[in-house]
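The values are calculated or read from the model by the stated rules, or taken from the named source; none is laboratory data. On a predicted model such as this, the values are computed, not experimentally measured, just so you know. Note that each Cβ is placed from the backbone with ideal geometry, even for glycine, and that neighbours are counted across all protein chains shown. Note: accessible area is taken over every heavy atom of the protein model, side chains too, but ligands, DNA and RNA are not part of it. Shrake-Rupley method; radii C 1.70, N 1.55, O 1.52, S 1.80 Å.
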Amino acid sequence: MKVCIVAGARPNFMKIAPVVEEITRHNHRSNSLIKYFVVHTGQHYDQQMSKLFFDDLGMTNPDINLEIGSASHAVQTAEIMKRFEKACLQEEPTHVLVVGDVNSTIGCALVASKLGIKVIHVEAGLRSFDRTMPEEINRVLTDAISDLLFTTEESANENLRQEGIPEEKIHFVGNVMIDTLLKHKKKARESNILYTLGLIKDPSTDNTQQTADYCVLTLHRPSNVDDKENFQGIIEALSEISKQIPIIFPVHPRTMNRIKEFGLEKYFDWKLNKSTDPINPKNSINLIPPLGYLDFVQLMSSSKLVLTDSGGMQEETTILGIPCITIRSNTERPVTVKYGTNKVVGTSRNKIVDASLEALNGEFKVTTAPPLWDGKAAERIVGVLLKSQTNL
Ligand code: UD1
């Protein structure tokens, strides 16, 4: 068995880390080695969007970097496929393991499938039922050509059954992103980010002992930021909330491009300089560069509220017990609403403001961890891989 583990974009790195670690652990204690190598497609390439995550997660550099970079969906996916096919022909993996729902996921899964290499999809079966989302297309297509499908929640199992995926291919194992969160939560507390941002006054005291009042915001879905009117409406709602409590906004490059293109700079307090002086956030939307994993986990963990359109953060806030307002009209992760603090409120101004103020006034329920979100998903995945290698 020789597994090629693929990552391409920021949320992928947290998902492959525990799988790589678990395979390494298995190889240390067993004679039946699982050979593996890591391919980074280079879909995300900035230091802040990529390298920093490998460092924070203690991962060695990828064995192969395809250095794809940005382009339209068609060009990006096509380039991934061309370069990944070469890598597969050279390295001859027996299995390709892809995670999540980004263009690298479908691009590499399709190449593997055409070469007769078994496809393993981690985080299979999630559905928003919104085919205008590029990620939804990637999810549906990847699952259709996967040989082993690892799921994070019961709704995903049901979605796959509905799509006719045979039961024996589906394995409910829990959530690898939560494996990573649980492993790094303690280390994240050592991060200086709260002091650096001026959210606490004394860097020497335990961060958790100092209270700071702020919200965290992330926003990058094409449906929210690529249309000027929608984007401006959302920002206006957020500005309203920020009159009561500072909002810290680590900005995604896609979103930064749109802010400049649409001339929306006036809505933000720009805190992008590299100075190490605390930024002293104001009651406004404080725009900062994207953060590394540990800094970001610490920032979320101490916040009063998270506002987001990210999938991963709906899951992380569920485990951290931080109220989460999802600025979308749907979620492919309903378990975060059922068990967690997540509220999916849509994109209208009133709903965002009302739900946020409600959350800030403490009207959110207590969270419980969804089934199998216990830090052992990667262990289960490797267990299934070992058992199934003879059957596949
Ligand atoms: C991608 C994923 C999305 C995921 C997100 C996480 C797809 C279809 N979308 O969206 O599911 O939630 O990553 O971040 O795969 N850019 C940089 N530096 C980088 C990366 C991107 O400047 O390191 C800029 C480029 O201008 C690019 C834009 O960001 O045009 C968008 O990047 P892209 O990879 O196309 O998609 P994301 O919006 O990041």
Near P222, within a Cβ-to-Cβ distance under 12 Å, what is the net charge of the other residues, with Lys and Arg +1 and Asp and Glu -1?
-> -2
In whole percent, how big is the carbon plus sulfur part of the accessible area of the chain, probe 1.4 Å, protein atoms only?
-> 49 percent
With r defined as the distance between the Cβ atoms of K282 and S30 and R0 fixed at 56 Å, what FRET efficiency is calculated, to the nearest 0.05?
-> 0.50
Could you calculate the contour length gain from L357 to E240, that is, 0.36 nm times the residue separation minus the distance between their Cα atoms, to one decimal place in nm?
-> 41.1 nm
What is the helix-to-structure angle for 349-360, meaning the angle in degrees between its Cα long axis and the longest Cα principal axis of the chain, kept from 0 to 90 and rounded to the nearest 10?
-> 90 degrees
Only Cα pairs under 8 Å and at least 6 apart count here; give the relative contact order of region 1-157 as a rounded whole percent.
-> 23 percent
Leaving out same-chain residues fewer than 8 places away, which lysines sit with a Cα under 18 Å from that of K228?
-> K260, K266
Two-site FRET efficiency, K260 against D46, from Cβ-Cβ distance with R₀ of 25 Å, rounded to 0.05 = 0.95
Residue-averaged [θ]222 nm for the chain, counting only DSSP H segments that reach four residues, each worth -39500 (n - 2.57) | -13000 deg cm²/dmol
Roll a 1.4 Å probe over the protein heavy atoms and report the accessible area of T132 in Å², nearest 10.
-> 120 Å²
Charges only on Cβ, +1 for Lys and Arg, -1 for Asp and Glu: so what's the dipole of region 50-91 about the Cα centre, in debye to the nearest 20?
-> 160 debye
With everything on Cα atoms, drop me the angle between helix 103-114 and the longest principal axis of the chain, reported from 0 to 90° to the nearest 10.
-> 10 degrees
What is the helix-to-structure angle for 176-188, meaning the angle in degrees between its Cα long axis and the longest Cα principal axis of the chain, kept from 0 to 90 and rounded to the nearest 10?
-> 50 degrees
Given a 1.4 Å probe and the protein chains all in place, what does the accessible area of Y267 round to, in Å² to the nearest 10?
-> 40 Å²
Take every Cα pair under 8 Å in region 244-392 that's 6+ residues apart, average their separations, divide by the length, and report that relative contact order as a whole percent.
-> 16 percent
Filter the cross-link list K2/K185; K86/K114; K169/K376; K343/K376; K183/K282 down to pairs whose alpha-carbon distance in this structure exceeds 24 Å.
-> K2/K185; K343/K376; K183/K282
Expressed per residue, the solvent accessible area of the chain in Å² (1.4 Å probe) is about 42 Å²
